[in-house]
Structures are given as C-alpha cells and as structure tokens.
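Visitor: Before we start, here is the structure in question, set down as structure tokens.
What follows draws every value from the coordinates through simple rules; no lab data is involved. No experiment lies behind these values; they were computed from the predicted model shown. A quick note on method: Cβ atoms are made from the backbone with ideal geometry, for glycine too, and the neighbour counts reach across all protein chains shown.
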Amino acid sequence: MIWHAETCGRSILSTSFIRGSLDAAFGYQYCSNLQTAVLRVLSDILLAVDRGDVAALIILDLSAAFNTVDYEILLQHLQTTYGISDVAHRWYRSYLLGRSQYVRIGTSCSSVIDLIRGVPQGSVLGPVLFILYTAGLISLIESHGLTPHLYADDTQARALPLTSMHFPPSSLPAPVP
C-alpha cells in the first residue's frame, strides 16, 4: 500500500517541467546505472583529451546527503518552484512530517526518535524528492559553463573542453602534442 501511495506521489511530479530537473540526474533515467554513468564521464574526458583539449572534473561528495533534506525547505521548494499546491502539497506534507524510526536487532529495540529531516530512504519517492531539493545546484553548475552529472547523491561538474571561460588563458597548461 505504501509503495502504491509513493508511486502516485511520484506521478504528481511527472510534469515535463519537473522531468527537466531530472535530466542531469543520470541514475533516474531509463536504462541507466552506475556503470553507464561512469562510462559516460570517462568517455567524455577521454574524447576531450584525444582532441587535445584540457578536461576538468569536479567531484562533490555530499556526505549522508539524503539525511540532510530540510522538510520545510523542500515543501516550500515544491510549492514555489514546481507549483505543487493544495491537496497535493498537503499530501507531501503528511508524507514527510511526523515520521519516526528505531533500530531493531533480534528482539532488542532502540528508542524511537522523531525524524526532523531527510527523505525516506529505500522509497520510490525519496530519490526524486532529493533531486528536486538539490535542483538549484544543477542551475548553479550550469551558470558557470560546466556540465552537471548526478547519480543519486553524487554530483560531478565537468568542463569539456576547458576554456578561457573557466580560467584565463595564461593559467591553462600547454596542450600535450
């Protein structure tokens, strides 16, 4: 039943505007996985180097990223950026708020704690909400002439080829013949 509700929640986010935010999120495209993501990045870099271009790859590691999503910021973002309002917005609010968790090992259980941030991991909707939450990062990377490449909570920014738009010409190394 929960899976069905999450699938319905995800379908609300299936407008073409929101799908555009997911384009750079390689892990959420049809027929893509970690190997195809790595091969795409490696191929782009090798092609640039073969052309004699300088390539740069910036890797951002967002530690425990799914656990850092602030519910109120995400809900505001869904409303103001993606136009999710009224009944749909209330559904997302009820989906995110009021969650708790505990750890059980065998017959022993930890204390129950209330969750105040983080998207539900292992859910259908969690990764999509995370990408929408971090969509501003994609825009920021693109505004500097770089190409974003995301896979779940791993973010890369590529400059292929590296040009004077990224660095003054005097700071670039000479191409290798």
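Visitor: Ranked from highest to lowest mean number of other Cβ atoms within 10 Å per residue, what is the order of the peptides 54-61, 72-79, 106-113?
Guide: On the way: 54-61: 13.8, 72-79: 16.4, 106-113: 7.9.
Peptide ranking by packing, descending: 72-79, 54-61, 106-113.
Visitor: Another question, then. Where a ≥ b ≥ c are the square roots of the eigenvalues of the C-alpha gyration tensor, would you call region 58-100 rounded, which needs a/c under 1.5, or, failing that, prolate if a/b is larger than b/c, or oblate? Could you put the intermediate results ahead of the total?
Guide: Values: a/c = 3.86, a/b = 1.60, b/c = 2.42.
Taking the square roots of the gyration eigenvalues as a ≥ b ≥ c, region 58-100 is oblate.
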